[in-house]
1. Taking the solvent-accessible surface of protein heavy atoms with a 1.4 Å probe, what is the per residue accessible area of the range 11-105 in Å²?
2. Taking only the alpha carbons of the range 1-136, what extent do you get along each of the three principal axes, in Å, biggest first?
3. So what's the net charge close to Trp8: Lys and Arg +1, Asp and Glu -1, counting the other residues with Cβ under 12 Å from its Cβ?
4. Please calculate the 1.4 Å probe accessible area of His63, with all protein chains present, and give it to the nearest 10 Å².
5. Counting Lys +1, Arg +1, Asp -1, Glu -1, what net charge surrounds Pro80 among other residues with beta carbon under 13 Å of its beta carbon?
6. Between Arg1 and Ala42, 0.36 nm times their residue separation minus their Cα-Cα distance comes to what?
7. Provide the net charge surrounding Leu103, with neighbours chosen by a C-beta distance below 12 Å and charges set as Lys +1, Arg +1, Asp -1, Glu -1.
Amino acid sequence: RYATIHNWGDVPVLDIRIVNADGPLSELIDVTCSVWLLKDEASRNGEVFHMNYFLDLEARTLHRFHGSWNVRHYIVPGSPLFGMSHEDCKETHTTVHVCINGLDETTQETVVRVADFCAEDILFGYRFGNNVRNLEEFKSKLSNRNFDAVAEIDIGKISWVQPTDVYYPVAIQQRRRKDAEGKSISGLGGVEQLP
């Protein structure tokens, strides 16, 4: 239902949760995810056109998929989302298009699913909440090296979100301003809230 934008560490990310609702009953193998961002841009002579960007992802493939997967795009300089606010997304008619495909291990058929998120579906300042029912038990089994542990996904919490901060490190904001002026800076530190 939603895509979220929040900080992962000190870096803002576009976060999309994908869930295999059939879970272990229909495990997918060799799963690939592709994400595109589409938005209006203006040419130098003022013509408006719809631009398509193929987004870099933290992880684009999974060997086995039977639970949930948060697909992340880091919003760093060079990202088409860098410096954009929710209002910017609305004004530029921004849409995020997601396509996943994989092989159903049981039927040996290729499964393809697509989803689109318009600007109203992209939640700035929210992150996905926990959707694992038996989280503590699952963590305990993993810490005891029980790699057969199964995380039970709570389907009712797939799109559950929680408010959180979105900010860019000050150095990134300063670098962006200096690059626009043709100067360079160095150093890191501090954070700056997005408008």
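1. 49
2. 54, 35, 23
3. Residues near Trp8 contribute -2 overall.
4. Using a 1.4 Å probe on the heavy atoms, I get roughly 140 Å².
5. -3
6. The Arg1-Ala42 span can extend by a further 11.8 nm.
7. My count for the surroundings of Leu103 gives -4.
The values are calculated or read from the model by the stated rules, or taken from the named source; none is laboratory data. Here the structure is a predicted model, which means the values were calculated and not measured. Every residue, glycine as well, gets a Cβ built from its backbone with ideal geometry; the counts of neighbours run over all protein chains shown. All accessible areas refer to the heavy atoms of the entire protein, side chains included, with ligands and DNA or RNA removed. Shrake-Rupley method; radii C 1.70, N 1.55, O 1.52, S 1.80 Å.
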